[in-house]
Amino acid sequence: MLLPFRRTFVSIAATLLATTSIAAQTPASAERRVLVRAGRLIDVASDAAKSDQGILITGERITRVGPYAEVAASAGGAERVDLSRYTVMPGLIDAHTHVFLDGSDYANQLLKQSIPFRTIEAVTAARAALDYGFTTIRDLETEGAMYADVDIKTAIDRGIIPGPRMLVATRALAPTGMYPLSGYSWEIEVPAGAQLVDGADNLRKAVREQVKFGADWIKVYADRDNYIGDDGKLHTLPNWTDEEFKAIVDETRRLGRSVSAHATGVEGIDAALRAGVQSIEHGDGLTPELIDRMIRQRVYWCPTIYVGVRPGVTRPPLRDQMSEMKRKAFGEAVRRGMGELIAFGTDAGGFAWSQNPAQEFAYYARYGMTPIQAIRTGTTNAARLLGREKDVGTVVAGKLADLVAVEGDPLADPAALTRVKWVMKGGAVTSR
Ligand SMILES: [Zn+2]
């Protein structure tokens with residue numbers, strides 16, 4: 001069983017002490033061999049589950065997968081892990097998280113919490129993500145906490161704290177006046193949730209700076225101020241001139257990185273596609289025409305549905321209308337063949353980390369995907385978006401041993417993905 005999240009959150013010191021003793025935090029030694037017995041295996045490479053499978057792991061990688069009896073016969077003295085009561089799957093991937101947000105009031109976090117305090121919270125968020133079964137995340141900007149995501153990532157890589165493998169976006173980019181905090185007296189200098197930059201040359205410099213300090217991805221805010229037009233579509237005010245947006249993408253690509261664009265309305269998505277970004281975040285206002293352009297350009301979509309529909313939250317009417325538009329756009333995207341370009345992304349941190357981001361899977365199934373399609377958003381599709389498909393996303397020989405065990409059958413009920421009982425990352429058990 002997992003440690004309940006609340007304990008992780010409340011008792012940071014106790015958790016850290018406890019986790020340092022978990023084998024999982026020390027990278028698996030090169031010769032260590034582990035044989036996992038899976039009651040059922042969804043390897044995601046194929047559509048169906050297979051029963052009574054063996055997964056042999058040597059060091060941090062999977063070396064053999066097949067019927068348990070066959071794999072066991074060749075496993076010699078490997079350590080045994082019995083998961084015969086569970087369904088085993090690849091470790092999950094969330095391609096849109098914010099470990100530096102805690103789901104509480106945004107302005108309060110920026111104005112009243114120091115970056116060291118927020119980093120302590122981010123440590124607990126990273127641990128929560130891993131316990132939920134997310135062995136890889138793309139964390140899409142620190143919202144004012146500068147480059148501290150790089151420190152979290154480094155601490156995880158060195159085994160100092162537990163957490164998923166991370167791809168980080170550092171500060172994100174927005175133009176002057178177009179990202180919070182705003183609305184304060186001009187006499188008071190307030191922090192900004194993104195790096196505010198204007199003009200193509202300055203944007204190239206900002207991209208270079210962010211990459212210099214560790215950004216794996218560049219996150220840009222493409223639009224703001226949503227409204228529904230007379231045509232019934234979701235419109236927005238675009239943030240950048242084409243020259244600025246193209247400079248961001250061009251410089252990022254030149255440095256071997258990719259661009260993720262927050263874009264909700266028609267104008268923002270259109271501008272992001274013209275500039276050549278690699279993923280659209282949110283995309284509430286996607287139209288059939290924009291969906292077809294994304295398919296042609298091989299641009300991924302992170303829908304972030306749960307954050308906008310979760311129960312127990314009062315929202316302005318426009319927010320609910322946007323969620324309804326997103327529900328329709330999702331169904332349309334699946335019908336038009338975009339399924340393999342939809343990457344699981346939740347905006348976790350936009351809601352408290354005590355809520356399991358894996359609840360997002362059930363919405364994908366409800367909105368038009370088959371369960372295996374929904375599972376692929378958070379495994380193979382997200383792995384491709386992140387350029388990590390050689391290492392993660394399926395349970396096959398050669399890949400990193402990132403595995404989760406869930407109770408129940410996610411192919412019958414994707415909500416089973418919220419019941420992860422055991423997590424292995426890179427051959428080391430991190431949660432049980
Ligand atoms: Zn976000």
Query raised in the report: Does LYS112 fit the bill of being open to solvent by 20 Å² or more (accessible area, probe 1.4 Å), closer than 29 Å to THR314 by Cα, away from the ligand (no atom under 16 Å from the Cβ) and of a type in the set (D, E, K, R)?
Result: yes
**Report entry** Residue identified as open to solvent by 20 Å² or more (accessible area, probe 1.4 Å) and farther than 19 Å from PRO303 by Cα among GLY276, GLY256
**Finding:** GLY256
Report summary line: Per the list (1) under 15 Å from the mean Cα position of the chain (by Cα); (2) β-branched (Val, Ile, Thr); (3) within 16 Å of the ligand (Cβ to nearest atom), residue check on THR380 breaks on (3)
**Report entry** Which listed residue is surrounded by fewer than 19 Cβ atoms within 10 Å (Cβ to Cβ), over 29 Å from ASP82 (Cβ atoms) and in contact with an Asp or Glu (Cβ under 9 Å, 6 or more places away or on another chain), from ARG366, ARG336
**Finding:** ARG336
Query raised in the report: Considering ARG7, ARG37, which residue is at pLDDT 50 or above and not hydrophobic (A, V, I, L, M, F, W, C)?
Result: ARG37
Report summary line: Within the range 268-281, the count of residues that are within 16 Å of the ligand (Cβ to nearest atom) and free of Cβ contacts under 8 Å to residues at least 60 places away in the same chain comes to 5
Query raised in the report: When the range 180-223 is examined, which residues are found to be under 22 Å from the mean Cα position of the chain (by Cα) and either among the small types (Gly, Ala, Ser) or open to solvent by 30 Å² or more (accessible area, probe 1.4 Å) (or both)?
Result: GLY193, ALA194, PHE213, GLY214, ALA215, ASP216, ALA222
Query raised in the report: Among the residues of the range 112-123, is there at least one that is outside any loop (DSSP other than H, G, I, E, B), closer than 26 Å to THR418 by Cβ and in contact with a Phe, Trp or Tyr (Cβ under 6 Å, 6 or more places away or on another chain)?
Result: yes
Query raised in the report: In the list ASP284, ASP320, which residue meets the criterion of being away from the ligand (no atom under 16 Å from the Cβ) and either part of a helix (DSSP H, G or I) or modelled with pLDDT of 95 or more (or both)?
Result: ASP320
Requested in this report: Answer yes if at least one residue in the range 146-158 is on the phi > 0 side of the Ramachandran plot and either crowded, with 24+ Cβ neighbours inside 10 Å or modelled with pLDDT of 95 or more (or both), and no otherwise.
Outcome: yes
Query - Test: residue in the range 94-103 that is among the polar types (S, T, N, Q), within 16 Å of the ligand (Cβ to nearest atom), part of a strand (DSSP E or B) and in contact with a Gly (Cβ under 7 Å, 6 or more places away or on another chain) - result: yes
Query raised in the report: Within the range 350-357, is there a residue that is within 15 Å of the ligand (Cβ to nearest atom), on the phi > 0 side of the Ramachandran plot, buried (at least 24 other Cβ atoms within 10 Å of the Cβ) and not aromatic (Phe, Trp, Tyr)?
Result: no
Requested in this report: Please give the number of the condition ASP292 fails out of (1) away from the ligand (no atom under 16 Å from the Cβ); (2) surrounded by 21 or more Cβ atoms within 10 Å (Cβ to Cβ).
Outcome: (2)
Report summary line: For THR314, the lone unmet condition from (1) surrounded by fewer than 21 Cβ atoms within 10 Å (Cβ to Cβ); (2) part of a helix (DSSP H, G or I) is (2)
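So that you can scan it fast, the table gives a plain yes or no per residue for (1) open to solvent by less than 20 Å² (accessible area, probe 1.4 Å); (2) within 27 Å of ASP82 (Cα to Cα); (3) among the hydroxyl-bearing types (Ser, Thr, Tyr); (4) in contact with a Cys (Cβ under 8 Å, 6 or more places away or on another chain):
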| position | (1), (2), (3), (4) |
| --- | --- |
| GLY378 | yes, yes, no, no |
| ARG384 | no, no, no, no |
| ASP391 | no, yes, no, no |
| GLY398 | no, yes, no, no |
| ALA412 | no, yes, no, no |
| VAL420 | yes, yes, no, no |
| GLY426 | yes, yes, no, no |
| SER431 | yes, yes, yes, no |
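The values are calculated or read from the model by the stated rules, or taken from the named source; none is laboratory data. These figures come from a predicted structure and were not determined experimentally. No Cβ is skipped: glycine too gets one built from the backbone with ideal geometry, and neighbour counts run over all protein chains shown. These area figures cover heavy atoms from the full protein model, side chains too; ligands, DNA and RNA do not enter into them. Shrake-Rupley method; radii C 1.70, N 1.55, O 1.52, S 1.80 Å.
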